[in-house]
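The values are calculated or read from the model by the stated rules, or taken from the named source; none is laboratory data. All figures in this text were calculated on a predicted structure; none of them were measured in a lab. Don't worry about glycine lacking a Cβ; one is built from the backbone with ideal geometry, like all the others, and counts go over all protein chains shown. Heads up: the accessible areas ignore ligands, DNA and RNA and are worked out on the full protein's heavy atoms, side chains in. Shrake-Rupley method; radii C 1.70, N 1.55, O 1.52, S 1.80 Å.
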Amino acid sequence: MDSVIKSLSDAIYYNLIREQRYMQFIQGLGISLQLTLYAAILGTVIGLFLALAKLGRIKWLEGLATLYVDVIRGTPAVVQLVLIYYAILGSSNLPKIVVASVAFGINSGAYVCELIRAGILAVDRGQMEAARSLGFSYSHSMIYIIIPQAIKNILPALANEFIVLLKETAIAGYIALDDLTRAGNIVRGRTFDAYTPFIVVALIYLYITTMLTWLLNKLEGRLRESD
Amino acid sequence: MIEVVDLHKYFGKLQVLKGVNTNIKKQEVVCVIGASGSGKSTFLRCLNLLEEPTSGEIIIDGIPLVEQRKDINRLRQKVGMVFQQFNLFPHMTVMENITLAPMKLKGMSKTEAYETARDLLNKVGLPDKDNEYPNRLSGGQKQRVAIARALAMDPEVMLFDEPTSALDPEMVGEVLNVMKQLANEGMTMVVVTHEMGFAKEVGDRIMFMDEGIIYEEGTPQELFNNPRRERTKEFLGKVL
Ligand SMILES: Nc1ncnc2c1ncn2[C@@H]1O[C@H](COP(=O)(O)OP(=O)(O)OP(=O)(O)O)[C@@H](O)[C@H]1O
Ligand SMILES: [Mg+2]
């Protein structure tokens, strides 16, 4: 028993306390959260435009949007990240967090597009017909009638997408961005402890996603109430 | 006021309307009857271009189809439509449902639009439902709100596509009464319906559609009491 406690406190001491290593994790978490936030904003904007392009009636725009979504969803995020880093943005002197935000934003946009599209398509067809038959144009029907109803379908799915995104940013270490996961790697390199740093990392991710999921459930409850 | 000439409609290869010809006069109430799949809804939906006719001509108020297509939203403001499934906007109150279009499309002030809406709600017998959301209303109430919403645009014609088919039997009467009153006030109406009693009593003309054409038409007297053609007799034999 004593030896278990001893090794546990040793692990905590070496991996968290010594040389203020806990700061590595905190800073890493800060980077991960920032990255997720920026990517989520960019992803939402890109997703919105893609969804409109896909739903609209301009053929070549629709084709372009479809191609974008297919390419992004059909290739691994790590590959996209590295390609964007080296080939497209690596030549400039942009900070890594910006490059990563753009890469994850581009990736997330494809998924957000599908969420928005599904949310809009889930609105009953009769709603558009009723709006059109009153004399509203297509875009006014969208703005006044369809989108307000679609938002209720979209918001929970969107929030969920961002929880997934937070975990996906764990690959940011591939371009040497010091996010939470990489913080675990760095500490492990110092302490040669294979488990503890990543258990810490896992617990932090778990804590944050649990909090966010809890918030999401509250949001869903609210939206349902307003029905 | 509506002249339909040789109207054809295809859905892909499926020919649904095979040359519909008719003339609907001002203040006339035309009831369209016929078996399921005979093209009644399609015909009705062509009248406000919710379906695009494949060929033929529809002249509304002297304006031909080509002209209407250029200003489709203006056309639809003149042609009210009531659906089987009501299609009220669930995220808006009854009041907002009725006032949205007059305010946004006709530039009506809020006071004016609300006043008109109150009059209409009185007319359809729902004076105190203005602040309810649609999901708090019964089917019959929903359909009466839908009628009020269409009337708020002050249309010249009202199209009804089986307005009572989705209702519980005890609510059919309240909706038909509103429609009857509307007919008495001189509204031009085209009503697709399975309510033969209503058609007989309120209709000026009954149109029997079969396989994409107007197979037989006439006054309720003529059509219900003395149908001349085979299919008409057969259909009426089943439904009466
Ligand atoms: N949007 C569409 N796409 C393809 N086929 C359609 C479409 N709308 C209607 N049809 C077909 O056209 C035919 C006529 O349909 P329509 O709805 O006009 O009939 P109806 O007389 O109104 O029937 P009901 O009494 O069942 O409402 C049917 O065979 C139907 O399946
Ligand atoms: Mg029908």
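Values computed for the structure shown
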read-out	value
17 Å reach of a label modelled at A:Glu225, 7 Å along Cα-to-Cβ, counting backbone N of segment A:135-161	A:152, A:156
Peptide A:121-130, shielding by other chains (average Cβ, 10 Å cutoff)	4
In nm, spacing of pseudo-spin labels at B:Glu211 and A:Lys6 (7 Å Cα→C-beta vector)	9.7
Counting DSSP beta bridges with both ends in segment B:2-148, the antiparallel % (nearest 5)	100
Ordering of B:7-13, B:140-146 by burial proxy (mean other Cβ atoms within 10 Å per residue, highest first)	B:140-146, B:7-13
The protein assembly as shown - percent of accessible surface contributed by carbon and sulfur, probe 1.4 Å	57
Dipole moment magnitude, nearest 20 debye, the protein assembly as shown about Cα centre, only Lys, Arg, Asp, Glu C-beta charged	1060
Axial C-alpha extent at least 18 Å, average Kyte-Doolittle at least -1.0 - helices from chain A (DSSP)	A:22-55, A:59-73, A:96-121, A:147-168, A:196-225
Angle between chain B longest axis and helix B:110-123 axis [Cα atoms, degrees, rounded to 10]	60
In nm, spacing of pseudo-spin labels at B:Glu112 and A:Ala170 (7 Å Cα→C-beta vector)	6.2
Cβ-derived FRET efficiency at R0 35 Å, A:Ser92 paired with A:Asn185, nearest 0.05	0.85
If the convex hull is drawn through the Cα atoms of segment A:77-201, its volume per residue in Å³	130
C-alpha long axis of helix B:139-151 to longest principal axis of chain B, angle in °	90
Within the protein assembly as shown, percent of DSSP bridges classed antiparallel, to nearest 5	50
D (Stokes-Einstein, µm²/s), Kirkwood Cα radius, chain A, 1.306 mPa s at 10 °C	80
Candidate residues B:Lys110, B:Lys70: accessible-area rank, largest first, probe 1.4 Å	B:Lys70, B:Lys110
Amide H contacts of B:Asp210 (H built 1.01 Å from N, under 5 Å, at least 5 apart or other chain)	B:Tyr215
Residue-normalised accessible area of the protein assembly as shown, expressed per residue, 1.4 Å probe, Å²	49
Segment B:129-240: Rg to Rh, with Rh as the Kirkwood radius over Cα pairs	1.01
Between segment A:101-158 and segment B:136-180, the Cα center-to-center distance that results, in Å	28
DSSP-assigned coil residues among GluC sites (Glu not before Pro) in segment B:150-240, each with at most 10 further Cβ atoms within 10 Å	B:Glu185
Surface/4 of the Cα convex hull for the protein assembly as shown, nm²	31.7
Residues in segment A:159-176 reached by a label modelled at A:Ala202 [backbone nitrogen below 18 Å; 7 Å Cα→Cβ]	A:167-171
Inter-label distance, nm, simple model (7 Å from Cα along the C-beta direction), A:Gln27/A:Tyr195	2.8
Accessible area buried between chains A and B, both sides summed, probe 1.4 Å, in Å² to nearest 100	1700
Per-residue HN-Hα couplings for segment B:74-82 [Karplus 6.51, -1.76, 1.60; θ = phi - 60°; Hz; x = Gly/Pro]	5, 4, 5, 5, 8, 10, x, 9, 10
Hydrodynamic radius of segment A:34-86 per Kirkwood, over alpha carbon pairs, in Å	12.2
Listed peptides A:95-101, B:111-117, A:2-8, B:30-36 by packing density, highest first (mean Cβ within 10 Å)	B:30-36, A:95-101, B:111-117, A:2-8
Per-residue SASA entry for A:Leu83, accessible area with 1.4 Å probe, Å² rounded to 10	100
Cleavage-rule hits (chymotrypsin sites (Phe, Trp or Tyr not before Pro)) in segment A:9-109: DSSP loop, at most 14 neighbouring Cβ within 10 angstrom	none
Chain B: proportion of alpha-carbon pairs further apart than 24 angstrom, %	46
For segment B:1-111, average projected area of the Cα convex hull in nm²	8.9
Positive dipole terminus of segment B:1-134, leading residue within B:Met92, B:Gln15, B:Leu126 (C-beta point charges)	B:Gln15
Volume of the Cα convex hull of segment A:141-227, divided per residue and given in Å³	93
Estimated FRET transfer efficiency when R0 is 41 angstrom, pair A:Thr66-B:Asp6 (beta carbons, to 0.05)	0.55
